[in-house]
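Enquirer: Below is a structure I'd like to ask you about.
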Amino acid sequence: MNARTHDLLDPRRIWAEPEAIADLRGQEVLARFPSAELIEVDSHWQIPSLHGNEGNIDRWVRVKTEDLVLGVKKSLTARPNGRSADWIAPSTANGCAMACAYCYVPRRKGYANPITVFTNIDKIVGYLGRHVTRQGPKPAPNQCDPTDWVYDIGENSDCSVDATVSDNVADLIRAFAGWDGAKASFATKYVNRDLLSLDPRGGTRIRFSLMPEQESRLLDIRTSPIAERLAALDDFVAAGYEVHLNFSPVVLVEGWEERWTTLVDSIAAATGENFKKQAAVEVIMLTHNRDLHEVNLGWHPKAERVLWTPETQQAKQSQNGALNVRYRNDVKAAAVARLTDIIAERAPWLTVRYAF
């Protein structure tokens, strides 16, 4: 690991299922962090000192830095999606060493969400290969891709950070490089230049998530600076990746229109024609969560001043029963229209894949 990654992740404890310890990938991760204490657990989901432990609010970032979990992915299922990707691939990790204040993953894991690495990567890759074969050629273009079936491989983690912990992401990128008619996809807020040494051959789409610098400094905790993400765009295109953008989340605070205009201009200035001719963007307005709001009040209350704004938000019951909030329909519609107008005016080459 380079020095910067060491600041992000310096495991003192590795909590591991016995089967994960026995896997080759598990042994490789343990060898990567030889000074960490190994603690055997029955289930990667049931670690009382991590999951559901309210005391971890005071150690929110330390848990992400100092704890790592190894488990085995039991259920291998590709779920239909249809928005950002055609399919959500079985996870090879969940949780994150970064600490974005709006992240939805802590809602499931409860008070702490350090990285969990799934070590049965061979079975996951094998399942995906068979799934790709069963699909056959894509019958018609859709908003995910005109020709390829797209598989999101990072729904519950940031693959760029995951790749500093294990070779799971590298294995997936190599696999999709060899599968005709299929493409991996993941969103990231971390610039991992080690990924440039792989050979994706157009089989992986990286979606760099961006927001104005002022909002990023407040909300994108422990992520790569916006300027560093912009500087990476051309390099990843040159390395053989398809590179798209996520404007996510769009947070409506005073001055947001001017700052998003500046950001769109900065993207145009930072990139060349090779990026621009293949670029597309997903625009995603903020959705927040009552439970996460309460957690954030314990470690980052300044973020909640812009994330939790009842005067502009409405409740939305999620499928799992959680109480989410999003901008009122009228507020959201006006903001989406304004931001897509800014994109059309300042960067007409940037295709909006969807905005909601």
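Enquirer: Is there any pair with a first residue in the stretch 342-356 that is touching a residue at least 12 places away in the same chain (Cβ under 8 Å) and a second that is assigned to a helix (DSSP H, G or I) and of a type in the set (D, E, K, R) whose Cβ atoms are under 6 Å apart and which are 6 or more apart or on different chains, and what are they?
Expert: Filtered contacts from the stretch 342-356: ARG346/ASP265; TRP349/LYS276.
Enquirer: Anything in the stretch 67-82 that is in a strand (DSSP E or B) and farther than 27 Å from PRO48 by Cα? List them, or say none. If you could, list the steps in order and put the result at the bottom.
Expert: Our first condition is that a residue be in a strand (DSSP E or B); within the stretch 67-82, this holds for 67-71, 79-80.
Once the filter is applied, which keeps residues that are in a strand (DSSP E or B) and farther than 27 Å from PRO48 by Cα, the stretch 67-82 yields ARG79, PRO80.
Enquirer: Can I ask one more? Residues to consider are VAL306, VAL283, VAL325, VAL264; find the one that is closer than 24 Å to ASP152 by Cα, of a type outside the set (Ser, Thr, Tyr) and either touching a residue at least 60 places away in the same chain (Cβ under 8 Å) or buried (at least 20 other Cβ atoms within 10 Å of the Cβ) (or both).
Expert: On the way: VAL306 fails: closer than 24 Å to ASP152 by Cα; VAL325 fails: closer than 24 Å to ASP152 by Cα; VAL264 fails: closer than 24 Å to ASP152 by Cα.
Step by step, each of VAL306, VAL283, VAL325, VAL264 is checked, and only VAL283 is closer than 24 Å to ASP152 by Cα, of a type outside the set (Ser, Thr, Tyr) and either touching a residue at least 60 places away in the same chain (Cβ under 8 Å) or buried (at least 20 other Cβ atoms within 10 Å of the Cβ) (or both).
Enquirer: On to the next question. Of all residues being of a type in the set (Asp, Glu) and in contact with a Cys (Cβ under 9 Å, 6 or more places away or on another chain) in the stretch 144-196, which is nearest to ALA36 (Cα to Cα)? Just the residue, please. Steps first, please.
Expert: The first filter runs over the stretch 144-196 and keeps only residues of a type in the set (Asp, Glu), leaving 145, 148, 152, 155, 158, 162, 167, 171, 180, 194.
Now narrow it down to the ones that are in contact with a Cys (Cβ under 9 Å, 6 or more places away or on another chain): 158, 162.
Values: ASP158: 22, ASP162: 17 Å.
Only one residue fits best here, namely ASP162.
Enquirer: May I ask you to list the residues in the stretch 12-67 that are modelled with pLDDT of 95 or more and of a type in the set (Phe, Trp, Tyr)?
Expert: Answer for the stretch 12-67, where residues must be modelled with pLDDT of 95 or more and of a type in the set (Phe, Trp, Tyr): TRP15, PHE33.
Enquirer: I'd like to check something: does the stretch 214-230 contain any residue that is among the small types (Gly, Ala, Ser) and over 24 Å from VAL61 (Cα atoms)? Please lay out each step first, then the result.
Expert: Step one: filter the stretch 214-230 for residues among the small types (Gly, Ala, Ser), giving 216, 224, 227.
Pick out the ones that are also over 24 Å from VAL61 (Cα atoms) and you get none.
Within the stretch 214-230, none of the residues are among the small types (Gly, Ala, Ser) and over 24 Å from VAL61 (Cα atoms).
Enquirer: Would you pick out the residues in the stretch 168-185 that are surrounded by 17 or more Cβ atoms within 10 Å (Cβ to Cβ) and either assigned to a loop (DSSP other than H, G, I, E, B) or among the basic types (Lys, Arg) (or both)?
Expert: ARG174, TRP179, LYS183
Enquirer: Filtering the stretch 186-229 down to residues that are surrounded by fewer than 21 Cβ atoms within 10 Å (Cβ to Cβ) and of a type in the set (A, V, I, L, M), which residue is nearest to CYS96 (Cα to Cα)?
Expert: Checking each candidate, the answer is ILE221.
Enquirer: Counting only residues that are surrounded by fewer than 19 Cβ atoms within 10 Å (Cβ to Cβ) and under 22 Å from HIS51 (Cα atoms), how many does the stretch 14-29 have?
Expert: Here is the first cut: in the stretch 14-29, the ones surrounded by fewer than 19 Cβ atoms within 10 Å (Cβ to Cβ) are 18-19, 21-22, 24, 27-28.
Filter once more, so that each one left must be under 22 Å from HIS51 (Cα atoms): 18-19, 21.
Residues flagged as surrounded by fewer than 19 Cβ atoms within 10 Å (Cβ to Cβ) and under 22 Å from HIS51 (Cα atoms) within the stretch 14-29 amount to 3.
Enquirer: On to the next question. Please indicate, with yes or no, whether at least one residue in the stretch 256-270 is in a loop (DSSP other than H, G, I, E, B) and of a type in the set (Gly, Ala, Ser). Lay out the reasoning, then the answer.
Expert: Residues of the stretch 256-270 that are in a loop (DSSP other than H, G, I, E, B), as a first pass: none.
No, the stretch 256-270 has no match at all.
Enquirer: Also: I'm trying to understand the selection: among the residues of the stretch 240-261, which are surrounded by 19 or more Cβ atoms within 10 Å (Cβ to Cβ), more than 14 Å from LEU339 (Cβ to Cβ) and either free of Cβ contacts under 8 Å to residues at least 60 places away in the same chain or small (Gly, Ala, Ser) (or both)?
Expert: TYR241, GLU242, VAL243
Enquirer: If we keep just the residues of the stretch 30-43 that are assigned to a helix (DSSP H, G or I) and out of contact with any Ser or Thr (no Cβ under 9 Å at 6 or more places or on another chain), which is surrounded by the most Cβ atoms within 10 Å (Cβ to Cβ)? Spell out how you get there, then give the answer.
Expert: We begin by selecting, within the stretch 30-43, every residue assigned to a helix (DSSP H, G or I); these are 30-32.
In the following step, the residues that additionally are out of contact with any Ser or Thr (no Cβ under 9 Å at 6 or more places or on another chain) were identified as 30-31.
Working: LEU30: 19, ALA31: 8.
Only one residue tops the list, namely LEU30.
Enquirer: Also: Just one of the numbered conditions (1) modelled with pLDDT of 95 or more; (2) touching a Leu at 6+ places or on another chain (Cβ under 7 Å); (3) in a strand (DSSP E or B) is not true of LYS302; which one?
Expert: Only one criterion in (1) modelled with pLDDT of 95 or more; (2) touching a Leu at 6+ places or on another chain (Cβ under 7 Å); (3) in a strand (DSSP E or B) is unmet by LYS302, namely (3).
The values are calculated or read from the model by the stated rules, or taken from the named source; none is laboratory data. Note that the coordinates shown come from a computational prediction; the quantities given were computed from them, not determined experimentally. In this analysis, Cβ positions are derived from the backbone assuming ideal geometry, glycine residues included, and neighbour counts consider all displayed protein chains.
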